[in-house]
Structure formats: structure tokens, C-alpha cells
4 protein chains.
Amino acid sequence: MCRFVFYLGTPIALGSLLTEPANSLIHQSFHSHEREEPLNGDGFGVAWYVPGHEEPACFRSVTPAWSNQNLRDLARVTTSGCVLAHVRAATQSLQVSEANCHPFRRGRYAFMHNGDLGGFEAMRRPLLAELSDEAFASIRGTTDSEHFFALLGDGLDRLGEPREPRTMAEAFRQAVERVLELRARHAPVEHVYLNTVLSDGHAAVACRFTTDEPANADSLYRHCGRRYVCEEGVCRMVRTRGRGEAAIVSSEPLSEDASWESVPVNHFVLLEGSEVTALEPVLA
Amino acid sequence: MCRFVFYLGTPIALGSLLTEPANSLIHQSFHSHEREEPLNGDGFGVAWYVPGHEEPACFRSVTPAWSNQNLRDLARVTTSGCVLAHVRAATQSLQVSEANCHPFRRGRYAFMHNGDLGGFEAMRRPLLAELSDEAFASIRGTTDSEHFFALLGDGLDRLGEPREPRTMAEAFRQAVERVLELRARHAPVEHVYLNTVLSDGHAAVACRFTTDEPANADSLYRHCGRRYVCEEGVCRMVRTRGRGEAAIVSSEPLSEDASWESVPVNHFVLLEGSEVTALEPVLA
Amino acid sequence: MCRFVFYLGTPIALGSLLTEPANSLIHQSFHSHEREEPLNGDGFGVAWYVPGHEEPACFRSVTPAWSNQNLRDLARVTTSGCVLAHVRAATQSLQVSEANCHPFRRGRYAFMHNGDLGGFEAMRRPLLAELSDEAFASIRGTTDSEHFFALLGDGLDRLGEPREPRTMAEAFRQAVERVLELRARHAPVEHVYLNTVLSDGHAAVACRFTTDEPANADSLYRHCGRRYVCEEGVCRMVRTRGRGEAAIVSSEPLSEDASWESVPVNHFVLLEGSEVTALEPVLA
Amino acid sequence: MCRFVFYLGTPIALGSLLTEPANSLIHQSFHSHEREEPLNGDGFGVAWYVPGHEEPACFRSVTPAWSNQNLRDLARVTTSGCVLAHVRAATQSLQVSEANCHPFRRGRYAFMHNGDLGGFEAMRRPLLAELSDEAFASIRGTTDSEHFFALLGDGLDRLGEPREPRTMAEAFRQAVERVLELRARHAPVEHVYLNTVLSDGHAAVACRFTTDEPANADSLYRHCGRRYVCEEGVCRMVRTRGRGEAAIVSSEPLSEDASWESVPVNHFVLLEGSEVTALEPVLA
């Protein structure tokens, strides 16, 4: 499967997430701590928001993240207050292409996924049949992730402008419910694993969900603090009692300090500004 | 658009088609004689049949053909009696991926296309709705060409085993008729341009078709002879009165000799063994 | 050969140079106006300076610039006050690799080249023998351009800190003289073509030089103005009598207005801030 | 580091080495049994000899072997009686390029290496200074392996035509001795690790050598038998008392049968036809 990191807060260099931490995303790409497969070498992607541009920028590549010099250089000089980064281990290795790399975008939204819609091949045609023409045409690859995001995007469009995490969570909940209906009809013995982040640059909804036993859910962590700091190769959150300035949601802790909290299984994490505003169940 | 070459006959080195002729396919990739855009740099592909393997082998890449060392080496040592080779100029350059490179395959069939289904975006959903689950699942990219081939492939499956060009032409005719119906309903003012080759390694159907004025059809040539010979960089067909040993269908003549014949617009070329067995209208 | 654009002035979006102008660098990559070969599809690169980072960032790729989605996205959101961008047509197409893409970097310097050191293969070993260990080890590819820059870089190191264009031009002159000596000894009948830009982010030296007839020099233009503006797809310099805010040196004019001036053959253009400070002969 | 497989014998499908065995080279690329780093994702290459072509064909790529569809297809249809295949884990991941992928070629010879010339950066300039102009010009990348092979290639040229493994071993011994002299002068505290195969398609010399403690030598195995057979995913050597028809030298056993023999440290394995003709010490 895959690994990802999401950052929301005071602008930081992309490198603080991708290259500098002891367990940076690039390090996870070839040495994941919490997965059986040690390897995430089937492409990567990073989306970041830039002031003055509603649509996030995106850099994706099918070559492994660990040897991509363009990524290293970009990470060195680029700062952003909202970053989604992802390394991919293709479920089916033969489908490695840029179009299958996360994050995916739709207008101002960016989305990434670690997990698997079990029985996706059986669900794919009925799922496509429900999409708007715009969402249908937006699909460029073959992943379950991109198809789910197309469904979710239609829901976000229906909800319109209010940019707040609770609205995004509501659209997400509806998309999950729709997928569960498709699963019930077309792939009832398969399981859904949905660790994801959806953001518009200001707010975000992270999700840790599975239809499997909770113990089988993929790992997901969150970390909030006053500021995220990298000094001489050691990155950590500086926590204070005051208002937070940075939040991270990540497949694995990026550092060894004890303040990474596991996201409860089958819950959303709602984020706004740089703070976690709520934890709530995915399904009512 | 694109350029292609098809060879059927006595086994030859791939290089005799791809690299050696004065107007080889690789030369056409950066210096096409008969197209307004000089450039076919959006990927290439070659499919070839190998004795003992029903399914053709395929090599495709998004890097330009002219600088691909793997292609040059492969072309040097590989021989085949049935070869489809294609260089791509993406209609929409942003959709350059291996999955969008020709030739496409389905079981023992290989297919390549130079042209354009005008209004494809409007036809795509209804076309997909008609496909078998197998054909639907086989689609990996976003080109009109691959979608047309999925439709054609379903027709070939219905016709079953008889491996003769007339049967393949019949399936092709039905697929064209279906596309014309979709066009009439969804994109009536757009034009279809279908210069293609379909082969199973023994027989083949080439097609030069358009709904536009015949004068606007893309170019297509054929050449049959006793043997295709490259000597000191000059490639030519050696013609005799006896039975032919080689046939070529190509977007452009590969050599300057006068024996390249233009394929009549809106006609199929049927080939079997190494001979053209018939020319017949695409539509009855 | 190649095409390049250099910008120095008020920060602008990279897209204003790479994608927006009628004759943008990406357009030149497949449709050059002033070269016999229409094609620059053997990779591209862009280096840009970011406040707070002495070393420029660099993005290079072997895929054609016109279809690179990462480049388009990067160009959309990234701004810089000093940009070097280059599209490559490999003299020897088989040597296409990221290491052979321009611009090249050394510490705070970036360098790009359009042209050819004739007889480079004969000069290469003696040229390498003169390099410092650091310059020798910095060479990652096989181009004449990178080797020339290694020689130039050693000269820049000897001159030390003074960051002014006249010092850079002096180092450049010495490197040219050294190359002419190597040519005299090892490849006397070959010609040198050196259209280049060298910059440290604040100052720059552009060069238009050849040992051939002046009429055979590659084209090079400069344009200075109060501001470089792109509006609805039309980019132009807004000229006033006041102090300039932007300077461009480019293989071809980026727009149709008449204010592009040809750089005299065998001359340096010295730039500092956003102004041309001098034109002077390459050789005393 | 890297993993490799060498085959000499009755022609077999490349897939029998690369994809079919339980511990195939592609499997080793993401799940090596005998190395600390689990990962060989920094490119791969395969060279194979084709009757009628003295120079071997070569297919190399910087994308991971496990997801390369071209490789899988090529492996399916291509047969050869002499194959060198290699997956790379770059010592310095930032130097991933096709030019740095093994095998390397020179005329009829192919060469691949698993290991490391410790202190190579210090040895590189004096090593280059000893090369013939031809060997110097042949170097396209930056690896210690390619530089060593350039030195070895000059020795092979001096020995001329006699195609027998003992002559090749003699050239190899001289190259090792030269490297040990360079090491003594320029990098005396570093260690050399040379697990390699050199072949001309008919004969071969494999080498397992280190200046380190023998216990620290990289693993290398050999297997000879009457025929190499893959049936339903299980590949094995069929051994008989008669004359062998196939020999394999490999970084790791490809199958679980007990007949893989470890190559003694600091020894050459000489092969001719399809048989091991001798084991002899690298240094006299």
C-alpha cells in the first residue's frame, strides 16, 4: 500500500516533511516501520497550496521518491502552509503511471489515499455510472482512489461554497455510504480500507476507516503543536498551551517523540486553520 | 497526429522498418513529410509476433522514439514476420503516458490508429456502456483509439475463431457503424478519421476512413513485393511476378521508389500471409 | 541545437517565460522560428533563484517540455526574479539523460548553453586534465557544455567573492581563451559556438560567440524594459524612460514587438539588478 | 548494492531467469534474502546474446524492474543461450540514470558488477588517465563499475582474439591488480568488493573478490546441470551424470533445491559452452 503525510499550519519548507525528519516520507518510501511490505517505490506525489492560487500545485512522478533529484530540489526551496505528500506501493505493480499517483486534484481540492477498495473491479462500472460528466471526464487513471475521489468531488460540488471541515466531512460520509452500498451489492465479501486526507488548503478532513476488524485498519497518526521545527536533522512539534500553529496527519509518526496520537479507527479528523477542530465517527 | 508502419511477410529485423529506411518510422517521428505538424514525440510503440507465442510482444515508451536506446537495440536483434509500429503526436499533449501509446493488444490481436474520433469526449460514456466487462476492464488509458479497439474487440470475440481477414473486416465494419451511430447522436458536427491496422499475426485489416471530405483523409500507403530488402541504408521492395513475400501498409512511403500505392479513401486493405487479398469499401 | 531564455528583474511567474508568450520556450521546443531543426525534444531544464537560498533550484527532465505536467504546474505557481530556462535538441540524440540537461549548477552559479564545441571529443581529455578535483568530480554527464562550465567554474572560484558582472565576464573570457588554445592544438578545423548565460542570481553574463563566420553565429536577443507583462496571452515589455525593472536574454524574441535587439556577435552582455550594464567584446 | 544472474547454456526464455523462479531476479529486486537493504529499485538491465549478432543486445531502465511492463513482455518472448541480468541499488541514490545501469558493453563483451570499489572518487582520475582513448570515450556514466570495465576492456583488447575463459580471466586479474595498486596509493583504508560476470556470449569469467575479510564478501552462487527447467512456477536444475547443458552464476540461489554451491571467496569461476571449466584464485 502507501504512506502519506499531511501538513496544515504556518508555512514550512516541503523538505521538513519529505526529506529532513528521521522517518521522513522519503525514508518511509524505502523503509516503512509499520507495514509488512517494506517498499513504496511505485511513484510519489506532493500537492501544495500557494497564496494567490486557489488550485494547489502538484508534482508527481513514477520514479521512486528516494532518487528523484527534482523532488529534493523542489522540497528545499518551496514553502507552503498546506501540503499533501504521498508515496505509492501499487496494489497491482503493473499499473504504475503518473495518472495513478496521488494526490489527485479537483478545482481547489486535493485528495490522497492509503488503502484499498476491495472488489473495486466489480464496483467500478456502477460507480462510474453515478458520476457527473465532469467527474467522469476528470478520471485519468485506473485506481480505486481516483474513482472514489470523483464520487466525493460530485458531493463536494453539490454542497457548494461553504469551506468548513464539517461540510467536507458530510460530503465524505455520503461518498463512503455510497461505496458501502456498492460493496453490498457487488463485492460483499471484500473489505474497504480508507485512510485519506481531503483538503482545500484551509480546512481538511482526514479519515481512518475500514469495514474490516478495527485491528486490521491501516495506521494513522495526528500531531498538533505550536510549531513544527527541524533542527540538525531532528524534527519535532513544539507544544505549548497556547493556540496551535501546525497540525500533521501521517501514516506513521515522523519523529520519535511521544506526542503522536493514533487516530481512532472509523473516525474523521476535522482540521481548520492549523488546529484539529473535531474527531467524529465516519458513520452516524 | 501519428505515423505508423505495418509489415507482414518473411521475417525481417525490426530495424528494417524502424531505423534503416531513409524515411523510417523513427525518421518520421521528427520529420514527417506528409503532415503539418512536424513532430511525433509523444511516445511510440512496437508490437511483434513471435513463433510459438499467440499473443504479440509489445514495447512502448513515452520518451521520443528517436532517442530511445532500448528501442534501437531491440530493433537491431529482433526479427518478426508481423510487426506493428507507431509514433505518437498526442492530440492533447498533456495525456502522454505508456497506457496511451499504440499498439494496443487484446489476446492475439494488436491494433494501432492514426487519426481522431472527433467529439470523442461526448461519445465516451455511451461507448463504454456498450462494452463487455472484459473489454471495459481492459481499457487502461484515455485515448479514443483504445476505446474504439475495445468496441472492435468485443465484435471479434463474437465472431470467434475463424482467422481470416474478411471476418476481421466484418467486425471492423460493425464497429465503424456503431461509432457512426454514436457520432450521429452525440457529436454530429465532428469528423471521424480512422487510419488503422488490426492484425492477429497471420491476417490483417488496414483501414483508411473518414467522415470528412475524402481529400481530408490522412495518408495511407501499401506496398507488396517479393521481398523487402535494406542494403547500405536504402530499403526497397524487390518486386517480381511470382508470389509476394512481404506487404507493408504505412502512413508514408518508406522509400522513394514509385511502387507505393495510395490506399483508396474509405477502403479496407485485407492481407493474409504476405499478400493483399482484397480492397473493399468500409461501408457497404 | 537548443533554445534558452534568461530573465533578471522584478519577480515574475515562471509561466510568463515558459508557457504564456506567443513564442514561449515551450512553443520553441516544438516550433523554433530561427533554426533549421524544428525540434527541441531531448529534455529541458529550468533553474530559478529563491530569496533566502543562495543556490538556485533546478528542475530538469528528459521528457519533452511540451507534455510535462509537472513543469506546467510548477511554472504556474512559482515566481522568481532570476530564471534560466532551456530546451535541448541533442547533437547526438542517443545521449539524452537528466545529467545532460541544462542548466548546470555550481554553488550559487547556474549556466546554460546553446551551441557546440566543435571537436569536443578530441579536447575532452586535456580539458579534464586541467580541472580542479572539485570541478572534475562535479561532472555528471557527457556534454561539451557541462565540461566548459567546469572549466569556467574553476575560474570563478579563483576570482572569489566579488559578485559583479565584470568579474564574471573576466572568468568567462579566460575560459574561452583556454578553449581556443585546446581547439588550436586538438581540433583546429572545428568551430566553437558559445551562446550562453552565466548567473549568480544577482548579476549575469550572456555571451554570443563563435570562431565561425559571424553570419553563422546562433541567434541571441536581449530586451530590457520597465516591466515584463503578460495579458491575455500576449507578453511584452513595457518600456519607459525610467529605470528598467526587467531584462531578458533569449535565443529568439518571445513576442512580436520590435524592441528585441540582436546581441552583437562575439560580445558579452553584462547584466546587474535588472539592467544591461555593458556590452563588450568577448576577446580583447 | 545490487543483485545479478548469469546464464550460459541451451537457449531459454529470459522470463525463466527474470520472472518465473520463486526467487527470480525481479523478486530479488524488492525482496532480497541475503542483503541488509531489502531494496534494488534504482534501475535494472539485461543483456542477451542473439545468434548472428556478435554484440549483445541490451535493455536497461531507471524504473524499478518489478513494474516494467516492457521488461515482462520482452522476458516472455525472448530466448537466449547467454544472459546477464542485473537489478541496482545505487550506493548513492542520487545517481540513478540509464547510463549507470548494468550490464555494460564493449564490442562483444558484456559486464555486470555487484559491489563497490571503496575510495573510487579518489581513484577515478588516475584510473581514467590510464585508459585508451577508446575506453575513455566509452564511459557514459559515473559508476565505479563502468570505470573498472573500461580498464578491463583495454586489457581484453590487448589480448586480442582468443575467446577462451582463461584469457579473459588473465585480463581480469591484471585489471584487479591495477585497481589494487591504485587503491594502495589513493585509498588504502577502503575496501574493494568485486562480484562480477564478464562474458562474450560463449565463455565467461565470474569473480567473487574482496580486499575485506572473506566473511564480508558479497554472496555468489553457481549451479550447473543438464537443463534448467521451469514448471508451474518452480524452476530447478535437472542434474544428470552426463554433460551439462546449463550453468548459472547468481547473487542468490533462484530456487530452494540444495544444489547451489557458494563460489569460494577470491576465486574466479571459468565457464565455457555450458560448463564450469575451472575455479581458480583471483590473485596468483
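The values are calculated or read from the model by the stated rules, or taken from the named source; none is laboratory data. Remember, it's a predicted structure, so these values are computed and weren't measured experimentally. FYI the Cβ positions are ideal-geometry reconstructions off the backbone, even for glycines, and counts take in every protein chain you see. All accessible areas refer to the heavy atoms of the entire protein, side chains included, with ligands and DNA or RNA removed. Shrake-Rupley method; radii C 1.70, N 1.55, O 1.52, S 1.80 Å.
Looking across region D:136-170 at every residue that is out of contact with any Leu (no Cβ under 7 Å at 6 or more places or on another chain) and within 13 Å of chain C (Cβ to nearest Cβ), the one that is surrounded by the most Cβ atoms within 10 Å (Cβ to Cβ) is identified as D:T143. The set of residues in region C:241-284 that are open to solvent by 50 Å² or more (accessible area, probe 1.4 Å) and in contact with a Gly (Cβ under 7 Å, 6 or more places away or on another chain) contains only C:E275. For region A:171-190, a residue qualifies if it is open to solvent by less than 70 Å² (accessible area, probe 1.4 Å) and either of a type in the set (D, E) or within 22 Å of A:E275 (Cα to Cα) (or both), and the qualifying residues are A:A171, A:F172, A:R173. Within the bounds of region A:203-216, is there any residue that is over 30 Å from A:A122 (Cβ atoms) and modelled with pLDDT of 90 or more? So far as region A:203-216 goes, yes, one or more of its residues are over 30 Å from A:A122 (Cβ atoms) and modelled with pLDDT of 90 or more. For region D:50-66, the tally of residues that are away from chain A (no Cβ under 14 Å) and touching a residue at least 40 places away in the same chain (Cβ under 8 Å) stands at 5. Those residues that are assigned to a strand (DSSP E or B), open to solvent by less than 10 Å² (accessible area, probe 1.4 Å) and over 15 Å from B:P56 (Cα atoms), I need them from region B:5-20; list them, please. The one that is assigned to a strand (DSSP E or B), open to solvent by less than 10 Å² (accessible area, probe 1.4 Å) and over 15 Å from B:P56 (Cα atoms): B:V5. Of all the criteria given as (1) modelled with pLDDT under 85; (2) away from chain B (no Cβ under 12 Å); (3) not in a loop (DSSP other than H, G, I, E, B), the one not satisfied by C:N114 is (1).
With respect to A:Q69, is the statement that it is within 14 Å of chain D (Cβ to nearest Cβ), under 25 Å from C:A99 (Cα atoms) and open to solvent by 10 Å² or more (accessible area, probe 1.4 Å) true? Considered against the rule, which asks whether it is within 14 Å of chain D (Cβ to nearest Cβ), under 25 Å from C:A99 (Cα atoms) and open to solvent by 10 Å² or more (accessible area, probe 1.4 Å), A:Q69 comes out as yes.
Among the residues of region B:220-237, not a single one is aromatic (F, W, Y), outside any strand (DSSP E or B) and touching an Asp or Glu at 6+ places or on another chain (Cβ under 9 Å). When you check B:S132 against the structure, is it farther than 28 Å from A:G141 by Cβ, of a type in the set (S, T, N, Q) and either open to solvent by 30 Å² or more (accessible area, probe 1.4 Å) or more than 14 Å from chain A (Cβ to nearest Cβ) (or both), yes or no? No: the conditions fail for B:S132. You will find that of B:V265, B:V249, the residue that is under 17 Å from B:P165 (Cβ atoms) and within 16 Å of the chain's Cα centre (by Cα) is B:V249 and no other. Meeting the requirement of 1 or more residues that are touching a helix residue (DSSP H, G or I) at 6+ places or on another chain (Cβ under 8 Å) and touching a residue at least 40 places away in the same chain (Cβ under 8 Å), the helices (runs of 4 or more DSSP H) wholly within region A:124-189 are A:144-159, A:165-186. Look at C:S80 and say whether it is away from chain B (no Cβ under 12 Å), at pLDDT below 80 and open to solvent by less than 10 Å² (accessible area, probe 1.4 Å). Considered against the rule, which asks whether it is away from chain B (no Cβ under 12 Å), at pLDDT below 80 and open to solvent by less than 10 Å² (accessible area, probe 1.4 Å), C:S80 comes out as no. Please find, within region D:84-111, the residue that is modelled with the lowest pLDDT out of those that are at the interface with chain A (Cβ under 10 Å from one of its Cβ atoms) and under 19 Å from D:V5 (Cα atoms). Within region D:84-111, the match that is modelled with the lowest pLDDT is D:A90.
Residue by residue through region C:173-193, note down the ones that are farther than 19 Å from C:E213 by Cα and either out of contact with any Phe, Trp or Tyr (no Cβ under 7 Å at 6 or more places or on another chain) or among the basic types (K, R) (or both). C:R173, C:Q174, C:R178, C:L182, C:R185, C:H186 - these are the residues of region C:173-193 that are farther than 19 Å from C:E213 by Cα and either out of contact with any Phe, Trp or Tyr (no Cβ under 7 Å at 6 or more places or on another chain) or among the basic types (K, R) (or both). Taken residue by residue, region D:210-218 has no member that is under 18 Å from D:G9 (Cβ atoms) and in contact (Cβ under 8 Å) with a residue 40 or more places away in the chain.
All of (1) farther than 30 Å from C:E54 by Cβ; (2) open to solvent by less than 70 Å² (accessible area, probe 1.4 Å); (3) assigned to a helix (DSSP H, G or I) hold for C:A215 with one exception: (2).
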